[in-house]
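Any read-out appearing in this document is the output of simple, stated calculations on the displayed coordinates, not a laboratory observation. Note that this is a predicted model, so its numbers are computed, not measured. Here the Cβ positions follow ideal geometry from the backbone for every residue, glycine too, while neighbour counts run over all protein chains shown.
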Amino acid sequence: MLAGRGRFVDDIVLSGMYAAAFVRSSQAHARIKSIDTAAALAVPGVHAVITYHDLPAALRERRLPLFVPHPTLTARMQHALAKEEVCYVGEAVAVVVADNRYLAEDAVQLVEVDYEPLPAVSDCKAGAQAGAPRAHLDLESNIVSRMLSSVGDIDAAFRGAKHIFRDEIFQHRGGAFFMECRGVIASYEASEGALLVYVSSQGPHRIKRALLDLFDLSDTQVRVVTPDVGGGFGPKGSFYAEYAVIVACAMTLGRPVKWIEDRRENFVATHQERDQYWDVEIAVDDEARIKGLRGTLTHDNGAYTPWGIVLPWISVATVPGPYVVPAYHLEMRSVLTNKVMATPVRGAGRPEGVVVMERLMDRVAREFKLDPAEVRRRNFIQPSQMPYDVGVIFRDGRKVVYDSGDYPACQDAALQTIDYGSFRERQAEARRQGRYIGIGIGNAVEGTGLGPYEGATVKVATNGRITVSTGATPQGQSHKTTLAQIASDQFGVPIDWIRVETGDTSKISQGIGTFAARTAVNAGSSVHVAAVKVAAKAKTIAAKLLDVREEDLELRDGYVQVAAIPGSPGAASDNARQVRKSLAELAVVAAGMPGFAMQDGAEPGLENTAYFTATQSTYANGTAVVEVEVDIETGRVTILRLVLAHDCGRLINPMVVDGQVMGGVAHAIGNALFERMLFDDQAQPLSTNFGEYLLPLATDIPRIEIVHLETPSPLNPLGIKGAGESGTIPTIAPIIAAVEDALSPFGVKILEAPITPQRIVELLGDAALGRTR
Amino acid sequence: MTDTRDISVVVNGKSYGRAVDTRRTLGDFLRLDLGLTGTHFGCEHGACGACTVRVDGVAVRSCLMLAVQANEKSVQTIEGLAKGDILTPLQQAFQDRHALQCGFCTPGILMTMAEFLEENPAPSEADVRDALSGNICRCTGYQNIVDAVLQTADTLRKGRDAA
């Protein structure tokens with residue numbers, strides 16, 4: 001990586017490979033009247049222009065797979081290429097295959113698609129109303145799912161409550177914007193019926209599954225490989241139309257075909273998160289303790305439903321967070337719009353749920369004139385209440401039961417680090433100097449380590465080398481280091497002795513992939529279980545060969561040897577050198593000899609495959625506290641300090657976890673202050689480059705202060721919880737709160753995210769004039 | 001539609017003569033014609049900095065520069081930084097400080113920072129952040145990159161003092 005020797009999909013060149021470019025819909029909603037490909041086909045070097053009607057029959061008959069169905073969902077899935085209706089700008093309509101990408105793009109410009117424009121749904125709230133245009137011609141309603149999450153007696157909670165506060169909150173989260181856009185290469189060997197696919201993904205096994213189903217192929221015919229991946233953050237876990245189309249091109253043309261997404265395509269065709277409208281009210285008693293919380297969420301799903309209702313469901317299940325909420329009643333509506341699909345992006349709906357709860361906590365504090373930290377303290381679930389049944393159902397279909405965690409301690413740790421106690425004095429002093437500083441708190445509990453499993457094979461080869469293979473696929477999370485570290489613990493060898501193979505369906509038969517902060521929990525546990533078994537087997541074989549007891553043996557530096565006897569290190573080490581067997585020797589014995597029976601009927605091979613299955617998600621938690629300064633003239637927000645205290649159970653590698661946290665925090669800063677995917681009222685995207693859509697830069701991110709708490713999870717052998725999203729989830733809420741706090745002398749209320757300088761100036765103006773809008 | 005020109009260019013100290021399409025970007029020339037795939041395209045509109053290489057010592061975006069513009073010039077890419085397996089102090093600091101995660105933006109950042117450190121041997125943290133603000137990294141939150149650059153400046157300074 002550091003020397004330019006990484007191998008990303010676009011770096012792979014296969015012999016005779018063609019390049020593809022897509023013709024994409026320029027319309028948010030339209031009927032396709034005709035497609036004229038003649039001029040494009042006439043370009044020298046162009047080999048094919050393929051529309052829906054040219055696709056293989058298997059692909060014409062099927063639609064793209066729905067990953068997570070749900071009984072409440074009216075699913076809408078797309079064809080690999082649009083058939084007669086396009087439902088978002090960027091939807092693939094045709095593909096051009098040529099000698100190289102330059103020629104393919106020339107020809108794309110020459111494909112003429114005649115559209116009959118149809119009314120488009122741009123806003124999900126408007127789209128949910130009766131009489132709104134339909135996002136698809138055959139829909140009766142744009143609302144494709146209604147789901148109720150309900151705990152306790154909500155009517156009783158509100159009936160008896162003296163204090164009820166209601167807020168409408170708008171939230172927008174942008175896309176992943178990994179630096180390496182998507183890409184795929186397909187190569188088909190017709191004589192063997194063998195399909196090889198290279199794809200930049202978060203898990204090749206699911207891509208393979210989708211291809212098996214779409215093309216009606218058998219398991220052994222398809223190998224999917226994910227090489228180095230330049231960031232994923234969720235959307236690279238989806239299956240996309242382009243993958244199916246490129247496979248079809250390779251099959252049709254008998255040549256390998258490569259497609260690499262460019263950044264404009266990435267803005268219009270890669271899944272992103274988007275709009276949520278929340279209308280919520282909270283009932284509290286005289287002590288500011290929560291009695292109930294109810295409301296509605298209207299969620300912008302985009303044009304099709306590849307992940308069902310996963311995203312808004314997670315949002316709804318996240319709202320109660322670390323607080324005791326005796327009664328909860330949240331009605332979710334997921335609405336189809338004529339925009340690219342909204343699917344999980346780092347945090348996956350959780351940051352939005354956190355913003356809702358934390359805004360309400362701040363509202364209660366303001367109404368009661370209490371310290372926001374104190375209001376939270378009064379409502380925390382206490383460690384003694386663990387395991388704690390929240391009552392809501394998570395998207396894994398199980399009840400949300402927090403396994404462990406100390407939420408009050410986590411908040412205290414963050415507050416102490418930022419010197420919360422002195423903040424009001426500092427704030428008063430700043431105001432005397434004409435500076436507006438503010439502070440905000442965000443608490444979150446995060447379901448991590450989602451099932452069903454992630455397997456691992458641990459194998460000692462006959463040369464003594466140790467290999468770990470897993471279906472989990474890194475995109476920069478240092479999985480290889482983390483997993484090697486877990487395995488090395490069992491073998492007593494340095495981590496660089498262990499080779500970790502990921503991202504190849506030929507290395508392990510089953511896999512799910514990397515998302516929802518699940519790899520350390522699932523794959524890590526599997527590596528641990530498999531490595532323990534392999535190490536035990538090595539001891540069993542060595543004990544027979546050495547004629548010693550298994551319990552006297554240890555694994556160290558590639559040998560199984562008699563463990564040092566306490567008190568006599570010199571003698572023991574001499575003894576150990578004589579009485580030991582190398583892992584290579586043991587692997588040879590384990591492989592068996594032709595014509596000889598296996599020793600005591602042992603399974604051949606010094607290897608084990610484990611598929612660790614978590615009984616439920618494990619819940620990590622975190623507190624972010626943020627101090628900002630707002631320039632009231634320009635609306636510019638400067639983050640002065642940002643502390644993140646978090647608890648992801650046992651830390652395997654603190655440097656890796658810190659790296660994950662810092663990256664996640666930066667993502668939250670983008671979501672809070674910068675990132676906005678804009679569409680006009682006809683659902684035309686308006687922000688399709690990095691000049692119009694702002695990502696946080698080095699000058700926007702403060703030095704992030706991280707505090708680790710370690711409450712081991714009881715749910716897996718290593719006590720791990722997920723960490724990959726822990727920086728993002730609690731951190732949008734406190735940034736918004738801090739800006740509002742800074743502007744409190746002006747009475748500004750902020751019930752939206754992101755909050756841009758322009759919007760801050762607008763809100764200041766409104767407040768001065770006594771307006772709301 | 002294609003029009004070609006002969007160019008001669010020195011890349012990482014090695015001379016190449018090639019006939020290239022006039023519209024071929026320098027980045028594509030490096031990646032496709034010379035097989036130097038360490039230079040990555042992140043946006044192809046000059047915003048992200050991932051494709052940064054040095055032309056006659058100056059950091060440039062190879063997605064915005066045409067290959068023909070590099071005629072008679074000397075280009076350095078990420079592949080030209082290390083000497084064999086010996087990393088430069090900057091590359092070493094990136095490794096020590098966990099300053100890369102997915103690694104896709106890293107080549108452009110290394111090339112940008114290499115130029116920056118030559119011109120600014122004793123930068124402050126604010127200087128580094130400012131110089132880095134033309135490169136987008138989505139994974140790291142920048143902090144470890146900033147620390148790695150500061151550590152490199154320190155290492156180089158100590159090296160000079162000792163010499």
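Adding -39500 (n - 2.57) for every DSSP H run of four residues or longer, then dividing by how many residues chain B holds, sets the calculated 222 nm ellipticity at -9500 deg cm²/dmol. With the highest mean first, a sort of the peptides A:667-678, B:20-31 on other beta-carbon atoms found within 10 angstrom per residue produces A:667-678, B:20-31. Rounded is the label for the protein assembly as shown. Its Cα gyration tensor axes, ordered a ≥ b ≥ c, give a/c under 1.5. Relative contact order for region B:4-80: 38 percent, from Cα pairs under 8 Å spaced at least 6 residues apart, divided by residue count.
Taking a ≥ b ≥ c as the square roots of the eigenvalues of the Cα gyration tensor, region B:1-77 is oblate, since a/c reaches 1.5 or more and a/b is not larger than b/c. For region A:287-395, applying the loop criterion from DSSP together with a ceiling of 14 other beta carbons within 10 Å to the GluC sites (Glu not before Pro) yields A:GLU287. For chain A, relative contact order (Cα pairs under 8 Å, six or more residues apart, normalised by length) works out to 15 percent. Working ranking of peptides A:727-736, B:44-53, A:713-722 by packing, defined as the average number of other Cβ atoms within 10 Å per residue, highest first, is A:727-736, B:44-53, A:713-722. For the peptide A:10-22, the mean number of other protein chain Cβ atoms found within 10 angstrom of a residue's Cβ is 1. For the peptide B:81-88, the mean number of other protein chain Cβ atoms found within 10 angstrom of a residue's Cβ is 2.
Where only DSSP H runs of four or more residues are counted, chain A gives -8500 deg cm²/dmol as its mean residue ellipticity at 222 nm, each run worth -39500 (n - 2.57).
Between the alpha-carbon centres of region A:240-270 and region A:454-489 there is a gap of 31 Å.
In whole angstrom, note down how far apart the Cα centers of region B:62-112 and region A:91-147 are. Between the Cα centres of region B:62-112 and region A:91-147 lies a distance of 40 Å.
Couplings 3J(HN,Hα) for region B:97-109, derived from phi with the Karplus relation 6.51 cos²θ - 1.76 cosθ + 1.60 (θ = phi - 60°), are 9, 6, 8, 9, 10, 6, x, 6, 7, 4, x, x, 5 Hz, where x marks Gly and Pro. Roughly how many Å is it from the Cα centre of region A:323-368 to that of region A:693-734, as a whole number? One Cα centre to the other: 19 Å. Note on B:33-40: average number of Cβ atoms from other chains within 10 Å of each residue's Cβ is 4. For region A:440-487, the list of trypsin sites (Lys or Arg not before Pro) that fall in a loop by DSSP and count at most 16 other C-beta atoms within 10 angstrom reads A:ARG465. Relative contact order for region A:181-336: 21 percent, from Cα pairs under 8 Å spaced at least 6 residues apart, divided by residue count. The local environment of A:LYS291, defined by Cβ-Cβ distances under 14 Å, has a net charge of -1 under the rule Lys, Arg +1 and Asp, Glu -1. When you filter the GluC sites (Glu not before Pro) in region A:174-260 for DSSP loop state and at most 13 other Cβ atoms inside 10 Å of their Cβ, you are left with A:GLU192. Compute the Cα gyration tensor for region A:426-536, then decide on rounded, prolate or oblate, letting a ≥ b ≥ c be the square roots of its eigenvalues: rounded whenever a/c is under 1.5, prolate when a/b is larger than b/c in the other cases, and oblate in all that remain. Prolate is the answer for region A:426-536, as a/c is 1.5 or above and a/b outweighs b/c.
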